[in-house]
Amino acid sequence: MIPEPLKKELLARVASAITPREAAVDVMKELQRHYGWLTDEAVGEAAELLGLSSLQVEELATFYEMIYRRPVGRRVIHVCDSISCWSVGCEAVMTHLQNRLGVGPGETSSDGMFTLIPCCCLGNCGEGPTMMIGDTLYGRLTPDRVDEILEKERAEL
Ligand code: FES
């Protein structure tokens with residue numbers, strides 16, 4: 001259930017949006033932050049806040065790759081596999097992450113810390129290979145740099 005202060009804040013955001021759909025991603029992201037992922041309950045709550053049907057929210061949720069409709073780790077690692085990052089070695093970064101975390105694409109490490117997800121362009125094409133963890137973008141990745149970042153992220157959890 002959404003805590004009352006969060007509900008109030010989200011209703012204010014919906015009210016200030018031109019259309020409810022404009023606020024939908026914001027609402028889904030906040031509910032995802034609250035629950036850890038966008039649960040069925042959260043979809044229903046988002047629908048109520050936005051004045052949309054659950055099906056409409058579900059459709060929007062499946063369109064955005066940063067909205068998770070199943071449980072994820074405490075940190076989600078999005079690794080860009082679009083053309084610019086691919087040309088500078090994103091596959092090696094992905095392989096390194098898979099080996100380090102013991103997971104395949106879309107899977108969560110056994111300690112529940114990290115979920116690894118390949119994704120489309122993150123808008124950091126000039127500094128690839130790129131990945132994003134939470135709201136932080138990391139560019140010019142090498143295996144060593146990936147290890148440093150994982151260590152840093154673990155320390156912050
Ligand atoms: S192609 Fe990777 S950030 Fe754009």
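The values are calculated or read from the model by the stated rules, or taken from the named source; none is laboratory data. Here the structure is a predicted model, which means the values were calculated and not measured. Methodologically, a virtual Cβ is constructed for each residue, glycine included, from the backbone with ideal geometry; neighbour enumeration extends over all protein chains shown. These area figures cover heavy atoms from the full protein model, side chains too; ligands, DNA and RNA do not enter into them. Shrake-Rupley method; radii C 1.70, N 1.55, O 1.52, S 1.80 Å.
Return one whole number: the accessible area per residue of the chain in Å², for a 1.4 Å probe.
Computed with neighbouring chains in place, this is 55 Å² per residue.
Length gain on complete extension for the stretch GLU151 to THR62, per 0.36 nm per residue less the alpha carbon to alpha carbon distance?
The span from GLU151 to THR62 would gain 29.0 nm if fully extended.
Taking one equal scatterer on every alpha-carbon of region 4-63, how large is log10 of I(q)/I(0) by Debye at q = 0.16, 0.20, 0.22 1/Å?
Debye curve over Cα of region 4-63, log10 I(q)/I(0) at q = 0.16, 0.20, 0.22 Å⁻¹: -0.40, -0.64, -0.78.
Quickly work out the GLU41-to-ASN99 label distance, labels modelled 7 Å from Cα along the C-beta direction, and quote it in nm with one decimal.
Here the answer is 4.1 nm between the modelled labels.
Whenever you get a sec, compute what percent of the accessible area on the chain sits on carbon and sulfur atoms (1.4 Å probe).
Of the solvent-accessible surface of the chain, carbon and sulfur hold 53 percent.
Rank HIS96, HIS34, HIS78 by accessible area, highest first, at a 1.4 Å probe radius?
From most exposed to least exposed: HIS34, HIS96, HIS78.
Length gain on complete extension for the stretch SER110 to LEU137, per 0.36 nm per residue less the alpha carbon to alpha carbon distance?
Gain on extension, SER110 to LEU137, equals 7.3 nm.
In nm, to one decimal, how far is the modelled label at VAL25 from the one at GLU9, with both set 7 Å along Cα→Cβ?
1.9
Run lengths n ≥ 4 of DSSP H only: what is the helix-derived mean residue ellipticity at 222 nm for the chain, with -39500 (n - 2.57) per run over all residues, to the nearest 500?
-16000 deg cm²/dmol
Could you state the angle between the C-alpha long axis of helix 143-156 and the longest principal axis of the C-alpha atoms of the chain, as a value from 0 to 90 degrees rounded to the nearest 10?
With rounding to tens, the tilt is 40 degrees.
Any chance you could run the full-extension gain for ARG69 through CYS120? It's 0.36 nm times the residue separation minus the Cα-Cα distance, nm to one decimal.
Between ARG69 and CYS120, full extension yields 16.6 nm more.
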